[in-house]
1. B:Tyr219 - would you say it is under 26 Å from the mean Cα position of the chain (by Cα), surrounded by fewer than 19 Cβ atoms within 10 Å (Cβ to Cβ) and among the hydroxyl-bearing types (Ser, Thr, Tyr)?
2. Considering each residue of region A:12-53, count those that are farther than 27 Å from A:Ile232 by Cα, of a type outside the set (S, T, N, Q) and out of contact with any Ser or Thr (no Cβ under 6 Å at 6 or more places or on another chain), and give that number.
3. What single numbered condition from (1) touching a helix residue (DSSP H, G or I) at 6+ places or on another chain (Cβ under 8 Å); (2) touching a residue at least 60 places away in the same chain (Cβ under 8 Å) fails to hold for B:Glu155?
4. Starting from region B:192-205, keep only residues that are touching a residue at least 24 places away in the same chain (Cβ under 8 Å), then list their pairs with residues that are among the polar types (S, T, N, Q) and part of a helix (DSSP H, G or I) whose Cβ atoms are within a distance under 9 Å, requiring at least 6 positions of separation or different chains.
5. Filter region A:74-115 for residues that are closer than 29 Å to A:Glu157 by Cα, in a helix (DSSP H, G or I), more than 7 Å from every other protein chain (Cβ to nearest Cβ) and touching a residue at least 24 places away in the same chain (Cβ under 8 Å) and give the result.
6. Taking the options B:Leu66, B:Leu14, name whichever one is within 23 Å of B:Asp173 (Cβ to Cβ), surrounded by fewer than 17 Cβ atoms within 10 Å (Cβ to Cβ) and not basic (Lys, Arg).
7. Please note which strands (runs of 3 or more DSSP E) are completely contained in region A:155-274 and include at least 1 residues that are crowded, with 16+ Cβ neighbours inside 10 Å, without any contact (Cβ under 8 Å) to a residue 60 or more places away in the chain and over 20 Å from the mean Cα position of the chain (by Cα).
8. Being surrounded by fewer than 12 Cβ atoms within 10 Å (Cβ to Cβ) and not hydrophobic (A, V, I, L, M, F, W, C) is the filter; apply it to region B:181-205 and report the residue that is nearest to B:Phe15 (Cα to Cα).
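What follows draws every value from the coordinates through simple rules; no lab data is involved. All figures in this text were calculated on a predicted structure; none of them were measured in a lab. Don't worry about glycine lacking a Cβ; one is built from the backbone with ideal geometry, like all the others, and counts go over all protein chains shown.
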Amino acid sequence: MSFLEVKNLHKSFGSTQVLKGIDFSLQKGDVVSIIGSSGSGKTTLLRCLNFLELADTGSVFVKGEEIFNAQKKYADRELRKNRLHFGLVFQGFNLFPQYTALTNVRLPLDMQTKERLARARKAMSKTSADSVAGAPAKTSLSARFKAWIDGKKSFAEKKKQALEENAVKAERILCDVGLGEKMNNYPCELSGGQCQRVAIARALALEPEILCFDEPTSALDPELTGEVLRVIRSLKSPDRAMVIVTHEMQFAAEISDKVIFMADGVIEEAGTPQQIFRAPQSEKLKAFLRNYAENR
Amino acid sequence: MQELATGFGTTLLLFVVTLVIALPLGLIISFGSMSRFKPLKYLVKGIIWVVRGTPLMLQILLVSFLPQFVFRIMNKDITAFFGISMSSLMFIFVAVAFSINYACYFSEIFRAGIEAVPRGQYEAGQVLGMRKSQIFFSVVLMQVVKRTIPPMSNEIITLVKDTALAQVLGVIDLLNAANHAVNEYVILTPLLYAALFYLVFNGLLTVLFGVVEKKLDYYKV
């Protein structure tokens, strides 16, 4: 069973067909690079995986479970839940400017914590209400009030603890990407490379099974791409898969287990980095690589 | 001087009431004008067009006549029912007209602010598993606030001076009080005092907005 399986994805914007049937799969621990000229549909493919665009046809499976099928209608909540199998790092970082690096990483975690606790509390107050109803009718009002206050207190404590754990986790991840010193800086005080590393930390904090990168170094000054690529390299792990859309062929060749070359909305050629870069088969890939070699 | 102070109190009250109602109402209207549900969008846009396209003074008069002409309820019945004075009722009419009028202006400022937030911010929130409301309140709103402070300060300073229109319903605001004093004592100084009041008040507001803007300087949008 594949870790991620994408079947027959099609996507059109108006009359322009951007994806014309994409099929691929990857295993746990895999790093897949997607290369191809601009307009070939690479970014759209990633956006379909993250449900920022909904594919017109096709389906997506994670660990054998269908998390998206274009035939079905999904409620916003379901999409939100299924989307969390994936993380996405944007080309333009999209950090939240009004928050520090640390808060950027914490915010989504804290929101999930609060939501989870609110749900748990609702469930509990319901069961306790049931038990009160079942108990002898004369539970005194003050006793009930006391129980209510106690419940509130214990939840406040739990929440505080959970939020502290989030902070610790966020700090650890920021240290991992080499930003331990910059935790309390705002995005406008950071360099592009640092911003992108915060964005990577933010995506990592939610522990996605498949981490996607949409041209993570294209918006950076050339001298800053190194630090970001280094971080991405360090993320290769048997526990997660990564899908990287990139223009850095050197990097793709060196990090990937598999390279996908896209052209005109289809996967023109796929294989190991060796096969793709050393022995390209299709004319389009040969032309693309030639063009790339000439322009650098 | 006593009358001027009372008049200023009325002006201040109208100012505060209008802001408290018009700011949230303006945000709601801005959502309406950006709605993807076309009928709602065009209805709201139509209302904004009418409210911004007609004089505020006309709107005040219109609001004050609505109960009598449309609902056939006499003003004295309303005052009797709620146990308020006629001058309070007039003040309420003025406040209603002001709130609606300013909410429409504010809504356009909010719309500009909201539409200026890059798509990427929403998308980042989405892929991080946030709900739409979480994205709006935790991500977008503070960026909107920062962007809209300069045009808001413009509009709010205009509001201070527009309060003088309350006198079309006989509300004794600052300018009306000053005018009475001029006529009664045949001296010009009350008008100058009134001018001073407006100036100082707006000066304070300007300083306040400057401070807020400075406070939000720590991030760029």
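1. no
2. The initial filter retains those residues of region A:12-53 that are farther than 27 Å from A:Ile232 by Cα, namely A:12-18, A:20-21.
This time we only want the ones that are of a type outside the set (S, T, N, Q), so: A:13-14, A:18, A:20-21.
If we keep only those that are out of contact with any Ser or Thr (no Cβ under 6 Å at 6 or more places or on another chain) too, we end up with A:13-14, A:20-21.
Summing the residues that are farther than 27 Å from A:Ile232 by Cα, of a type outside the set (S, T, N, Q) and out of contact with any Ser or Thr (no Cβ under 6 Å at 6 or more places or on another chain) in region A:12-53 gives 4.
3. Only one criterion in (1) touching a helix residue (DSSP H, G or I) at 6+ places or on another chain (Cβ under 8 Å); (2) touching a residue at least 60 places away in the same chain (Cβ under 8 Å) is unmet by B:Glu155, namely (2).
4. B:Ala194/B:Asn179; B:Phe197/B:Thr11; B:Tyr198/B:Thr11; B:Phe201/B:Thr11; B:Leu205/B:Ser153
5. Residues of region A:74-115 closer than 29 Å to A:Glu157 by Cα: A:77, A:80-81, A:84, A:96, A:98-115.
Restricting the remaining residues to those that are in a helix (DSSP H, G or I) gives A:77, A:80-81, A:101-115.
After this cut, where a residue has to be more than 7 Å from every other protein chain (Cβ to nearest Cβ) as well, the list is A:77, A:81, A:101-106, A:109-110, A:113-115.
Answer for region A:74-115, where residues must be closer than 29 Å to A:Glu157 by Cα, in a helix (DSSP H, G or I), more than 7 Å from every other protein chain (Cβ to nearest Cβ) and touching a residue at least 24 places away in the same chain (Cβ under 8 Å): A:Ala101, A:Leu102, A:Asn104, A:Val105, A:Arg106, A:Leu109, A:Asp110, A:Thr113, A:Lys114.
6. B:Leu66
7. A:266-271
8. Result: B:Gly203.
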